[in-house]
Amino acid sequence: MLKDNLAYKNSLALHGKLFHVRCCAHILNLLVQDGLSEIADIIKNVRESVKHLVASESRRLIFSEIAKQLKLPSKKLLLDCGTRWNATYFMLSAALEFKDVFPRYQQRDSSYTYLPSEDDWQKVKEVCSFLEEFNEVTNVISGTEYPTSNLFLHELHSIKKLLDEAHENGNIYMKVMVGKMKCKFDKYWGDCNLLISLSAILDPRNKMKLIEWSFPEIYSEFDSDEHITTVMETLRMLYNEYVDAHKTKSIGSEISSGETQKEGSSCIISGKGKIRGRTQFYSYIRNVDCVIEQPKSELDVYLEEDVHICQDDSNFDALEWWKMNNMKFRILSKMAHDILSIPITTVASESAFSAGGRIIDPHRASLGAETVQVLTCGADWLRAFYSIKRKKKVIWMLKLKFKLTS
């Protein structure tokens, strides 16, 4: 209903093709969960083993003592959340480091009956090695301090390549596991993903080169050419919409400026004619792109230029690049600003809600709503200004919070 209402008012670009975007993090979770179902019995044994140990302090002490005797790193076992695949991955990875401890612990605790076999541990090792790349992808698309829509096509290409290699070279159970994941991949990402593709093109480090390089790997050879054509046509259609909107706005500004000059013409005397002439000239400069047809559009100029080679990709900000090149690409920069601001995951918004309990803890429950808002926004702005990650505790920031509270 919302989409229909907005389409009725002509408020949606490309007739609403970019309006509904599936959460990439949720799709990735569904994809990996389908694969993990193939070793559900092994995961259950590991999970029950961890539950058995963490349920009692005496059991943890015995387990820790055996680990020290084997000179294993002082890490802790982790219990997963069944609905999050990466939590299961962390649990399996942590338990794998203590695989030699579990059989020795069983000799001391007869009530422990969930010991995985050596073959089970070998499968866990191969699965964890396979899922390591997926965990890196999750970290990329779950970022909250930078736009992620322009970064995901690289990750999509890596996922498809990883699935194809594992399906071709893996063991029998790995092929079955990866086969389920490939089916889920084709279900959600088998068609052309317009938002992800457009965002990637509007990253000056990629442009159309990334589309031409990655699509043959993600799709079949026949489908890749069709998808590349679709993306290019969609990009030009969207750009033309922004050109039309820009011309309409410029003509409206010109009419408004002309009416203002007409109203004030009676006040202009001969000595002020130069000011009036300069105003008319500025109006001409602002709207010259509506009068004179450029031989090449901004989109063509942008795509024909070489890709931007960045020395440090980790610190590159696509939005900052468009801001710096705003005068060169006046229309295209507006389009890039709108496209790159579309999120491809709901993780950021969900984490904002889940952080409420940590912001308004029992010791500050009596703070007013305005004070809480000041503390939250101030802390976020300071972290962004000084490039400080959320997990780091900074003394001066805490002092500032207490000062604002008092």
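The values are calculated or read from the model by the stated rules, or taken from the named source; none is laboratory data. Predicted model only: the values in this text are computed from it and were never measured. Positions of Cβ are backbone-derived with ideal geometry, glycine not excepted, and every protein chain shown enters the neighbour counts. We work out accessible area using only protein heavy atoms, side chains counted, and drop any ligands, DNA or RNA first. Shrake-Rupley method; radii C 1.70, N 1.55, O 1.52, S 1.80 Å.
At full extension, His26 and Leu61 could sit 8.8 nm farther apart than now, given 0.36 nm per residue minus the alpha carbon distance.
For the modelled label position 7 Å from the Cα of Ser297 along Cα-to-Cβ, which residues of region 215-251 have backbone nitrogen atoms closer than 16 Å? Under 16 Å, as judged by backbone N against the label point of Ser297, lie 229-248 of region 215-251.
Among 300-313, 185-198, the peptide with the highest mean count of other Cβ atoms within 10 Å heads the list, and the full ranking is 185-198, 300-313. Accessible area ranking (1.4 Å probe, heavy atoms, ligands and nucleic acids excluded), largest first, for Cys81, Cys128: Cys81, Cys128.
Points 7 angstrom from Cα along the Cβ direction at Glu48 and Ile342: gap in nanometres? Taking the two extended label points, one gets 4.7 nm. Site pair Lys328 and Asp4 shows an inter-label distance of 4.6 nm when each label is modelled 7 Å from Cα along Cα→Cβ. Within a straight-line Cα-Cα reach of under 16 Å, Lys180 can be paired with the following aspartates and glutamates, leaving aside sequence neighbours fewer than 8 residues apart in one chain: Asp34, Glu38, Asp164, Glu165, Glu168.
Work out the FRET efficiency for Asp380 and Asp41 from their Cβ-Cβ distance, taking R0 = 30 Å, and round it to the nearest 0.05. Display every interim value, and only then the final one.
Working: r = 44 Å, r/R0 = 1.48.
With a Förster radius of 30 Å, E is 0.10.
Keeping every protein chain in place, order Ser220, Ser297, Ser333 by accessible area at 1.4 Å, biggest value first, i.e. largest first. Intermediate results must be reported in sequence, preceding the final value.
On the way: Ser220 60, Ser297 35, Ser333 10 Å².
Result of the area sort, largest leading: Ser220, Ser297, Ser333.
Order the following by accessible area, largest value first: Trp322, Trp381. Probe radius 1.4 Å; ligands, DNA and RNA are ignored.
Values: Trp322 5, Trp381 180 Å².
The residues order as Trp381, Trp322, largest area first.
In this structure His154 has an accessible area near 80 Å², from a 1.4 Å probe over the protein heavy atoms. Annotation: aspartates and glutamates with alpha-carbon distance below 12 angstrom to Lys76 (same-chain offsets under eight excluded): Glu97. Suppose R0 equals 45 Å. What FRET efficiency, 1/(1 + (r/R0)^6) with r the Cβ-Cβ distance, do Glu217 and Ser366 give to the nearest 0.05? After rounding, the FRET efficiency stands at 0.20. The residues of region 1-133 expose, per residue, 59 Å² of accessible area to a 1.4 Å probe. Straightening the chain between Phe19 and Leu78 buys 17.3 nm, computed as 0.36 nm per residue apart minus the Cα-Cα spacing.
In this label model, Tyr173 and Gln373 are separated by 5.5 nm, measuring between points 7 Å along each Cα→Cβ vector.
Is there a pair in Lys17/Lys160; Lys249/Lys323; Lys99/Lys160; Lys9/Lys247 whose C-alpha atoms are over 27 Å apart, and which pairs would that be?
Details: Lys17/Lys160 24 Å; Lys249/Lys323 20 Å; Lys99/Lys160 31 Å; Lys9/Lys247 19 Å.
Beyond 27 Å between Cα atoms: Lys99/Lys160.
Measuring from a point 7 Å past the Cα of Leu96 along Cα-to-C-beta, which residues in region 178-218 have an amide N at less than 17 Å? Under cut-off, by backbone N: 178.
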